[in-house]
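Some notes on the structure that comes next.
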Ligand SMILES: [Zn+2]
């Protein structure tokens, strides 16, 4: 019997073979050996990073260089790579979210010039592209970068310049999500919402609310979200991270969130969980960040497995590449090691990431087709759910008529 998987070829051969051989040839082919999940393979696969903070995702060495150039005084002992890593709790467990957020005082201290903002945005997109993130959504709160008198528009222009430069040099598309801050004056959130609206279609793809959840309800910022909604813009809200399901309810019903940042505690409310599943509201899951901020005791207990098995639309993201010392590749790897995700399941997670992106529908559909092809090429098979769509053979005219339907949008993929 010849090698390879060409079944028809084998059957043709069988017609001329002896009965004994024919019996052997017609035996169904053995299943293809499963591709072993390795970090190297995961690094090669096309990915998204939809929840990634600019001020938490700098290169360590860049902070040191910027501090030196700008004569910014870093905390005592934080003027070496080792000391700085310690000062920002790099990859270390914090007692809670507020302790974790203190690291951002340091990173923001060097992000007060246009050059620094452009450089760090550029480097972040380059780092993401280096691990084959094909689509990156970077979020930040421009108001945290006005200490030296920069205007909100100049700040945002600088970030967009950096991202555009990276996109020209690498295979990556980017979008900016502007964040209001829960514990700041709601009028500041409104100003940031105005900025988002002004930059709609010019690099800004959505509006978010970040910061400490406890004691800072999202509904205080509804005016900002009303403006966003009136302008038909996308929204995502950090919710269900450091506070329970009530916070997710507010994000959805008071703010009109289209995606939820984290949603780790959604599992505490079965009814809301069903609502999120049925409405296909994507959750931006950040596994290692949730461990670092003690939102979950350990990774094996993270509700991602439950969400995935229920059919919730979930994606894996970094949150803060530097502070949490992570990449999307690392997040996928830990989902495999700690939560038992198989390669086929990881592929579905990747596809769901692309589906959750704040991209125009037709652009997203084209991108998904390329993602499916690349996943098939690198892993030996299409993601589950994409197979049926590709096998359907319809003529060109009919295909045109059916294009509004996402060809891979079957079942839970
Ligand atoms: Zn976040």
Take residue 254 and tell me if it is within 30 Å of residue 194 (Cα to Cα), away from the ligand (no atom under 16 Å from the Cβ) and out of contact with any strand residue (DSSP E or B) (no Cβ under 6 Å at 6 or more places or on another chain).
yes
Is the stretch 337-359 home to any residue that is within 16 Å of the ligand (Cβ to nearest atom) and not in a helix (DSSP H, G or I)?
yes
Looking for something out of contact with any helix residue (DSSP H, G or I) (no Cβ under 6 Å at 6 or more places or on another chain), within 16 Å of the ligand (Cβ to nearest atom), outside any loop (DSSP other than H, G, I, E, B) and in the same structural domain as residue 320 (by TED's automatic domain parsing) - is there at least one such residue anywhere in the stretch 56-65?
yes
Can you say whether residue 163 is in contact (Cβ under 8 Å) with a residue 40 or more places away in the chain, in the same structural domain as residue 105 (by TED's automatic domain parsing), over 18 Å from residue 105 (Cα atoms) and more than 16 Å from the ligand (Cβ to nearest atom), as far as the supplied structure shows?
yes
With the first residue restricted to the stretch 46-72 and required to be under 10 Å from residue 110 (Cα atoms), and the second required to be within 16 Å of the ligand (Cβ to nearest atom) and assigned to a helix (DSSP H, G or I), Cβ contacts under 7 Å at 6 or more apart or on different chains are 55/104; 55/107; 55/108; 55/144; 63/107
Answer from 291, 276, 197, 237 - the residue that is out of contact with any strand residue (DSSP E or B) (no Cβ under 6 Å at 6 or more places or on another chain) and either within 14 Å of the ligand (Cβ to nearest atom) or closer than 23 Å to residue 103 by Cβ (or both)
291
Of all residues in the stretch 299-336, count the ones that are under 30 Å from residue 103 (Cα atoms) and either within 15 Å of the ligand (Cβ to nearest atom) or part of a loop (DSSP other than H, G, I, E, B) (or both).
17
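If you scan the stretch 261-273, which residues turn out to be within 16 Å of the ligand (Cβ to nearest atom) and part of a helix (DSSP H, G or I)? I'd like the intermediate steps shown before the answer.
Here is the first cut: in the stretch 261-273, the ones within 16 Å of the ligand (Cβ to nearest atom) are 261-266.
Across the stretch 261-273, the qualifying residues are 264, 265, 266.
The values are calculated or read from the model by the stated rules, or taken from the named source; none is laboratory data. Everything numeric in this text was worked out from a predicted model, so none of it was measured. Every residue, glycine among them, receives a Cβ derived from its backbone with ideal geometry; neighbour counts consider all protein chains shown.
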